[in-house]
Amino acid sequence: MRKSLTGVLSLAVLIGTVGAAGASAGAATAAEPAAKLSSGAVAGSEASNEDIKDRILAIPGMSLIEEKPYAGYRYFVLEYTQPVDHRRPSKGTFQQRLTLLHKDVSRPTVFFTSGYHVSTNPSRSEPTQIVDGNQVSLEYRFFTPSRPAPADWSKLDIWQAASDQHRVFTALKKIYDKKWLATGGSKGGMTATYFERFYPKDMDGVVAYVAPNDVVDNEDSAYDRFFRNVGTQECRDKLAGVQREALIRRAPLQKKYKELVAEQGWTFNTIGSLDRAYEATVMDYGWAFWQYSLLADCADIPADAKKATDDDIWNTVDAISGFSAYADQGLERYTPYYYQAGTQLGSPDIKQPWLAKLSRYGYQPPRNFVPRSIPMTFDRGAMRDIDRWVKHNARQMMYVNGENDPWSAEPFRLGRGARDSAVYTVPGGNHGAKVSGLPEAQKAKATAAILRWAGVAPAAVEADPAKAKPLAKFDTRLDRRNGEVERDEAMLRP
């Protein structure tokens, strides 16, 4: 983190024009930088594209890490100076990483976040492909390297993160002045929703994929119902059988685990012991399967776990849950998520009766996955506020869920106050559900809405939404297909 500067003028140059601070999350106003054009900039798409890097870097607080070539685009990896606390911007700053996939200033722009780290390789979210637009991707605060130093964890909350997005949008809107859409999958879909709740005038539409909505943290019966009915009885029995055998064979399989731990140099200071980490991995097995896999993949699960070898049980649990997940080295990368799950977002606490007599620790809470040196207090009102706002105020918001995705068991729902908004469910879909996986009529309707919100719907689509198709061709390097999931975000992280 850059040291805070003394003097209002110096701070204004560093992070941009500062807005007034409000008393509450809903009313507070974030610092807003004034973007300026490079000298001699000429109006019009062609001239703007020629000097786009200069125009971007003329934004106070914006700096270039690198530019990477990609055919048809310019791709920039950037850093932007943000206040640690948007209510008190004079109290210090940090560098937040973002990327920009530049198509043309005459095109709409999609604001994407995963809710986690940002990839520094070019990629497109589905709405970006649909509207053939630009894409700004922002790393979520407190995910390294976008973490203040020292880290005041009380400044990691959904309003502060929404205010990060608001400042980036305000800065870049001066250059990209066409329509903007917010999007993201999973925690990114949650993030897009929270951004819309706190800054509803910024975006022209929101497309949120597989976004959980845990309104009451200690009421998780929806997840229990999901696991009683998802897929087929045969598949559910196979998954449960593997879990049971993994806990029954705890001693021989933990011997393999200890060998792996010694080889990799893993430690378990945060969760407390290798035994706790082992059990947590096994308890996640069913959840992780449905999050990442499809019903057809159940064919790869041992048919009779009792007759399976130790290696068979080990290999399937490691492939689906991942034995590295609860080591310190696996947890540290996601400390900001677990902190938020235990302070605002909520987290599932599912019952697995087939493991009741074998489990020693039960389904462990987020507090077990965050170092004890970081204090955590849960805010019961945060998600209730978001849920209430979406039901009564959603405007041009779309939710796309997966039928077989555990995270879709507690979805966002629209109330009577919602306008021009929709909730879709991909049949048999997992945590990688996309608009492209919807039945044809729904896919066309959803695609038409995205095009319309972005201001680029062709006349033929305006006349007949059934004709709606993505404006850009699918690119195997830039785009993910329906059902593809980022395995980097391990189970129980939305």
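The values are calculated or read from the model by the stated rules, or taken from the named source; none is laboratory data. Note that the structure is a prediction, hence the values are computed from the model and not measured. Counting neighbours? That spans all protein chains shown, and the Cβs are built from the backbone with ideal geometry, glycine included. Note: areas computed on protein heavy atoms with side chains; ligands, DNA, RNA excluded. Shrake-Rupley method; radii C 1.70, N 1.55, O 1.52, S 1.80 Å.
Quick notes
- Measuring r between the beta carbons of Glu332 and Lys201 and using R0 = 45 Å, the FRET efficiency lands at 0.75.
- When each of the peptides 256-263, 363-370 is scored by the mean number of other C-beta atoms lying within 10 Å of its residues, the order from highest to lowest reads 363-370, 256-263.
- By DSSP, the beta bridges lying fully in the chain are antiparallel in about 50 percent of cases.
- Pairwise centroid distance, computed over Cα atoms, of segment 178-216 with segment 64-89, Å: 20 Å
- Accessible heavy-atom area order of Arg384, Arg360, Arg87, highest first, probe of 1.4 Å: Arg360, Arg384, Arg87
- Distance cut-off 18 Å, percentage of C-alpha pairs in segment 167-228 lying past it: 49 percent
- Net +/- balance of residues flanking Ala211 in space, Cβ distance below 12 Å, scoring K and R +1, D and E -1: -3
- Binning the C-alpha pair distances of the chain at 10 Å intervals from 0 yields a P(r) profile of 4, 19, 29, 26, 16, 6, 1, 0 %, listed from the shortest bin outward.
- Förster radius 51 Å - calculated FRET efficiency between Val216 and Asp177, Cβ distance, rounded to 0.05: 0.80
- Segment 54-171 pair-distance distribution - Cα-Cα, 5 Å bins, rounded %: 2, 12, 22, 25, 19, 12, 6, 3, 0
- Taking a ≥ b ≥ c as the square roots of the eigenvalues of the alpha carbon gyration tensor, segment 298-370 is prolate, as a/c is not under 1.5 and a/b beats b/c.
- Cα-centre dipole for segment 280-355 with unit charges at Cβ (Lys and Arg positive, Asp and Glu negative), debye to 20: 260 debye
- Against the criterion of solvent-accessible heavy-atom surface with a 1.4 angstrom probe, Lys103, Lys155 sort, most first, into Lys103, Lys155.
- Label zone (Asp51, point 7 Å along Cα-to-C-beta; backbone nitrogen cut-off 18 Å) within segment 96-135: 104-106.
- Per-residue packing, averaged as other Cβ atoms within 10 Å, sorts the ranges 127-135, 68-76 into the order 127-135, 68-76, beginning with the highest.
- For segment 98-121, backbone nitrogen atoms closer than 15 Å to the point 7 Å from Asn393 Cα along Cα-to-C-beta are found at no residue.
- The alpha carbon centroids of segment 384-462 and segment 352-370 are separated by 34 Å.
- Taking all pairs of distinct alpha-carbon atoms in segment 286-411, Kirkwood radius in angstrom: 17.7 Å
- Contact order normalised by residue count of segment 257-389, Cα under 8 Å, 6+ apart, percent: 31 percent
- Rh by Kirkwood over Cα pairs, then Stokes-Einstein D for segment 248-358 at 1.002 mPa s and 20 °C, µm²/s: 140 µm²/s
- In the distance distribution for segment 97-223, Cα-Cα pairs more than 23 Å apart total 30 percent.
- Spin-label pair Arg360-Ala303: with each label point 7 Å from Cα along the Cα-Cβ axis, the two points sit 3.5 nm from one another.
- Cα gyration tensor category, rounded, prolate or oblate, for segment 403-489 with a/c compared to 1.5: oblate
- Heavy-atom accessible area ranking, 1.4 Å probe, most first, across Phe112, Phe142: Phe112, Phe142
- R0 of 30 Å, Cβ-Cβ distance Asn229-Asp275: FRET efficiency to nearest 0.05: 0.40
- All distinct Cα pairs of segment 137-282 go into the 1/r average, and the inverse of that average, the Kirkwood radius, is 19.6 Å.
- Cross-link table Lys173/Lys445; Lys238/Lys467; Lys103/Lys445; Lys306/Lys443, entries beyond 32 Å C-alpha to C-alpha: Lys238/Lys467; Lys306/Lys443
- Segment 346-413: C-alpha gyration tensor shape, a/c 1.5 cut-off, then a/b vs b/c: oblate
- Rolling a 1.4 Å probe across the protein heavy atoms gives the chain an accessible surface of 41 Å² per residue.
- Put simply, when 350-358, 431-439 are sorted by average Cβ atoms within 10 angstrom per residue, most first, you get 431-439, 350-358.
- Taking each DSSP H run with n ≥ 4 as -39500 (n - 2.57) and averaging over every residue of the chain yields -9500 deg cm²/dmol at 222 nm.
- Normalised by residue number, the volume inside the convex hull of the Cα atoms of segment 350-494 is 183 Å³ per residue.
- Unit charges on C-beta of K, R, D, E only; dipole of segment 160-300, Debye: 300 debye
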